[in-house]
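Worksheet: one structure, shown below.
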Amino acid sequence: MQDLKQLIGKNITKLRTSSKLTQAEFAEQLNYTDKAVSKWERGESLPDIVILKQIADMFGVKVDYLLSEHFDDEKPIVGAEKKIRDRNHFIIALMAIVIVWFLAVFVYFLADSVSGIYLWQAYLVAVPVSAIVALVFNSIWGKASVNYIIISVLMWSVLITAYVLLLKYNIWTIFLLGIPGQTSVVLWACLGVGKPQKTPKIKPVKKASSDQDENAESRFE
């Protein structure tokens, strides 16, 4: 057990220093004290499995990395897996938006070939639809702060689309609806309302009571 504590402590230290975090900064992100982090890194106590998973997610590595031995000169690839995952998510979202525009082109040429109508409105409608698709994917995988920008784009694109489609009625006053809408988005962003980061729910592994007592005391000191 002592060897495992030393190994995990060494790996935590390597990840933390590679990310240029102090023990206090690292502890604050975990909602623990720097004293607890110091004990982990010295191998005096062992974080539970939930905290290990949280640490692994923070640095973009697997829990196995924390439990495995590495060469002293081996630099951890911090965030490598996260970057790959984020890139894949971006590609998927981009492909969905491309499909929206492909459908717009298809509808345009279909209307032209069947009825001889130039249905240019299909491209206009594709703008807010693309914003909706982007909002959905960003809400699932992206940052909450980006949602504010996407919502603004969606709101104004809907207003512009409605105005252009109803151009003969000259309802320019429809843009006045965007003022309270945009104000609400800005206030929402200032208040920092967004999707919180969820800590993965993992069933804790029962450990020695001494380690649990040390972690509990350190957390609430």
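Rule-based calculations on the coordinates, nothing more; no lab input. Computed from a predicted structure; not experimentally measured.
What shape does segment 1-54 have by the C-alpha gyration tensor, where a ≥ b ≥ c are the square roots of the eigenvalues, rounded means a/c under 1.5, and otherwise prolate means a/b greater than b/c and oblate the rest?
The shape class here is prolate.
Residues with amide H under 5 Å of S45's amide H, sequence separation 5 or more or different chain, H placed in the peptide plane at 1.01 Å from N; which?
So S45 has HN proximity to W40.
How fast does segment 80-190 diffuse by Stokes-Einstein, in µm²/s, taking the Kirkwood radius from C-alpha pairs at 10 °C and 1.306 mPa s?
Details: Rh = 15.9 Å.
Rounded, D is 100 µm²/s.
Step through the residues of segment 145-158 one at a time and calculate ³J(HN,Hα) from phi using the Karplus curve (6.51 cos²θ - 1.76 cosθ + 1.60, θ = phi - 60°), rounding each to whole Hz and writing x for Gly and Pro.
With coefficients 6.51, -1.76 and 1.60, one gets 5, 5, 4, 4, 5, 5, 5, 5, 4, 4, 4, 6, 5, 5 Hz.
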